[in-house]
Amino acid sequence: MHNQRYSHTFELPETAQFKQQLLSFYSSQEYFMLLDSNHAFKSSYNCLVAIGAIDVLRCDVGSAFAKAESFQASHEDWMFGYLGYDLKNELEPLHSNNIDVLKFPDLQFFIPELVIELNGQSIIFHSFNDERSDHANLLSDISSSNLNEEKSTRTQGRLVPIDTKEEYLAKAYQFLEHIQRGDIYEANLCTQFVAQDVVLDSIQAYQELNKSSKPPFAAYARFEEHYIISASPERYLKKEGNLLVSQPIKGTAARSADTAEDEKLKNQLLQNQKERSENVMIVDLVRNDLSRVATRGSVEVSELYGIHTFEQVHHMISTVQARLKPQHNAIDAIKATFPMGSMTGAPKISAMKIVEEQESFKRGVYSGAVGYFTPDADFDFNVVIRTILYNAQEKIATISVGSAITIEAIPEKEYNECFLKANALIQVLKSQGVEID
């Protein structure tokens, strides 16, 4: 089922206001995704928007990857969606029995009616309509639409941690015992905050979060009642032709308003042995994952310990790339590398087993990936971190955060790092009227 898309390009000085108008103009669409790179380095686009759905794939663990592959093959078109963390159970002998308050399907993708690409000075519409004048009119309608300023009525939910501080620290010490026994070198321990009985203004929440973080992999997605409001700084995997690029983040430092102090914090992060060893362990894991589908000798680390600065934090990011073997396709590349090593630990399978035993919640979309496939089966996916997940039907919103535990980890510090990462998300919920414990 391969429908013909037509591309129509117009001049448009890209503005933050136009992105807001897009969100507002399409606020009643049940299937919608806006991916914003915030003009970041190494991005394929400035902003990519998918509107409406001509076909939808929703499934849980079982044969989700096979279904995604045949869904893609039957359309050969743009596909937007997410991969939930628990798809790991399809790739390895693993399971997920923890509490799932959100009830998102493990995998959702849709074929959009319309794709809009914003690139610097131009806007491109990819649609099934060949009439250029219709798109000129649509552009005019979006550009002249008023921004919806009225605040929606909101209920007074309360954000509650599912682990007390004591419980989190006890889990961290359990992880350290596993490391001392040699079961793992590192694992990512995550915890969750849950707000029940909330009615979020999801667009406003996204705009606030994006403004405070300006991340390179921001995403606002709506799949009927399921919302993903993400300010992710991390790329999981990108495919362009036969080139695969993964950019794991391991290593975080707070920022300072004082320039000299900020520079000092940045240098301390670069020199920090714990952060460097964390980073290199995950780089090795990603290299190992990629080598399963890469042509011999093509896996290389093009950047190690790169320090990148964001609005809230400094991060240590490395870049690993490889060439995909001709006999492997896009889904094979994902299956070989999913979930992102920075969210599991090393060795990967042992770490995922221990994570499952120790954590108190089903990760679901969190630490999975959100992104898109092009008609040529290229793709780009983020890692779902720094994200508010919201089920509008159940009136539940969650924030999940994590930190890597290695032999040098001090549980108290890791606990504090979780709050550093959660801070921007908590502020957004607070401004929506959610009470914070």
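The values are calculated or read from the model by the stated rules, or taken from the named source; none is laboratory data. Just so it is clear, the model here is predicted, and its values are computed rather than measured. Here Cβ is always computed from backbone atoms with ideal geometry, including for glycine, and neighbour counts include all displayed protein chains. Note: accessible area is taken over every heavy atom of the protein model, side chains too, but ligands, DNA and RNA are not part of it. Shrake-Rupley method; radii C 1.70, N 1.55, O 1.52, S 1.80 Å.
Would you mind checking the tilt of helix 165-181 against the longest principal axis of the Cα atoms of the chain, expressed as 0 to 90 degrees and rounded to 10? Taking Cα atoms only, the helix is inclined about 70 degrees. Accessible surface ranking for THR337, THR309, THR259, 1.4 angstrom probe, highest first: THR259, THR309, THR337.
Between THR295 and GLU92, take the C-beta separation as r, use R0 = 25 Å, and let me know the FRET efficiency to the nearest 0.05.
So the FRET efficiency works out to roughly 0.55.
For region 222-263 versus region 53-78, the inter-centroid distance based on Cα atoms is 26 Å. Along region 356-371 the Karplus relation, 6.51 cos²θ - 1.76 cosθ + 1.60 evaluated at θ = phi - 60°, assigns HN-Hα couplings of 4, 5, 8, 6, 9, 8, 7, 5, x, 5, 4, 6, x, 8, 10, x Hz to successive residues, with x for each Gly and Pro.
Per the Kirkwood formula applied to alpha carbons, region 339-437 shows a radius of gyration over Rh ratio, Rg over Rh, of 1.01. Calculate the translational D of region 18-160 in whole µm² s⁻¹ from Stokes-Einstein, where the hydrodynamic radius comes from the Kirkwood formula applied to all Cα pairs, the temperature is 25 °C and the viscosity 0.890 mPa s. Answer, rounded: 137 µm²/s.
Near the amide H of VAL61, under 5 Å away, which other amide H atoms are found, from residues 5 or more places off or on another chain, if H is placed in the peptide plane? Excluding prolines and chain starts, which carry no amide H, the hits are ASP106. Using a Gaussian network model on the chain with a 10 Å cutoff between Cα atoms, which of ASP141, ASP183, ASP332 fluctuates the most? Greatest mean-square fluctuation among the candidates belongs to ASP141. Couplings 3J(HN,Hα) of region 372-386, computed from phi: 8, 10, 8, x, 8, 6, 7, 7, 8, 10, 8, 9, 7, 10, 6 Hz, in residue order, whole Hz [Karplus 6.51 cos²θ - 1.76 cosθ + 1.60, θ = phi - 60°; x for Gly and Pro].
Normalising the average separation of contacting C-alpha pairs (under 8 angstrom, six or more residues apart) by the number of residues puts the relative contact order of the chain at 24 percent. Take CYS59: with every protein chain present and a 1.4 Å probe, its accessible area is about 10 Å².
Working from label points 7 Å from Cα in the Cα-to-Cβ sense, the GLU166 to ASN423 distance is 2.8 nm. Scanning residues 5 or more positions from GLU113 or on other chains, those with amide H under 5 Å from its amide H are ILE51, GLY52, ALA53, ILE54, with H placed 1.01 Å from N in the peptide plane. 3J(HN,Hα) along region 393-404: 5, 7, 6, 10, 10, 10, 10, 10, 9, x, 8, 7 Hz, from the Karplus curve 6.51 cos²θ - 1.76 cosθ + 1.60 with θ = phi - 60°, whole Hz, x for Gly and Pro.
Taking every DSSP beta bridge with both residues inside the chain, roughly what % is antiparallel (nearest 5)? So the antiparallel bridges amount to about 95 percent of the total. Could you work out the percent of alpha carbon pairs in region 190-319 separated by over 20 Å, rounded to a whole number? Pairs farther apart than 20 Å: 58 percent. Residues of the chain were split at every exposed loop site, defined as GluC sites (Glu not before Pro) in a DSSP loop with at most 16 other C-beta atoms within 10 angstrom, and the longest piece left, sites excluded, is 226-310. Give me the percent of the accessible area of region 95-186 that comes from carbon and sulfur atoms, probe 1.4 Å, all protein chains in place. About 47 percent, which is the carbon plus sulfur part of the accessible surface.
Considering only ALA346, ALA40, ALA322, the Gaussian network model of the chain with Cα springs below 10 Å gives its largest mean-square fluctuation to ALA40. With both labels modelled 7 Å from their Cα along Cα-to-Cβ, the ASN137 to ILE407 distance reads 6.9 nm. Work out the FRET efficiency for ASN267 and ASP100 from their Cβ-Cβ distance, taking R0 = 51 Å, and round it to the nearest 0.05. My answer for the efficiency is 0.75. A Förster distance of 30 Å, applied to the separation of the beta-carbon atoms of ASP376 and ASN146, puts the FRET efficiency at 0.20. Taking all protein chains as they are arranged and a probe of 1.4 Å, the heavy atoms of LYS239 leave approximately 20 Å² accessible to solvent. Sequence-distant contacts, meaning Cα pairs under 8 Å at least 6 residues apart, place the relative contact order of region 236-325 at 40 percent. Over the chain, DSSP H runs of length four or greater, each weighted -39,500 (n - 2.57), average out per residue to a 222 nm ellipticity of -10000 deg cm²/dmol. Close amide H partners of LEU237, meaning residues 5 or more places away or on another chain with modelled amide H under 5 Å apart, are PHE381. Please give the residues of region 76-113, grouped as numeric ranges, whose backbone N is less than 19 Å from a label point set 7 Å along the Cα-to-Cβ vector of ASP55. Residues passing the 19 Å test: 76-83, 107-113.
Approximating the spin labels as points 7 Å out from Cα along Cα→Cβ, the SER256-to-ARG5 distance works out to 4.7 nm. Based on Cα contacts under 8 Å between residues 6+ apart, region 44-144 shows a relative contact order of 39 percent. Expressed per residue, the C-alpha convex hull volume of region 183-263 stands at 227 Å³.
Per residue, the convex hull spanned by the Cα atoms of region 75-135 measures out at 151 cubic angstrom.
Computed from the alpha carbon positions, the gyration tensor of region 1-71 leads to an equivalent ellipsoid with semi-axes of 28, 16, 15 Å, biggest first. Per-residue accessible area (protein heavy atoms, 1.4 Å probe) orders VAL280, VAL370 as VAL280, VAL370, starting from the largest.
Within the assembled protein chains, the solvent-accessible surface assigned to LYS353 is about 100 Å², based on a 1.4 Å probe. Helix 411-431: angle to the longest alpha-carbon principal axis of the chain, degrees 0 to 90, nearest 10? Its long axis makes an angle of about 30 degrees. Rounded to two decimals, the Cα radius of gyration of region 394-437 over 2.2 N^0.38 Å is 1.41.
Per the Debye calculation on region 247-362 with a single equal scatterer at every Cα and no solvent contribution, log₁₀ I(q)/I(0) for q = 0.13, 0.20, 0.22, 0.23 Å⁻¹ amounts to -0.60, -1.05, -1.14, -1.19. Per residue, the accessible area of the chain comes to 40 Å² when a 1.4 Å probe rolls over the protein heavy atoms.
Dimensions of region 301-391 from C-alpha coordinates, computed as largest minus smallest value along each principal axis and given longest first, are 41, 32, 30 Å.
Between helix 273-291 and the chain there is an angle of about 60 degrees, using the helix long axis and the longest principal axis of the Cα atoms.
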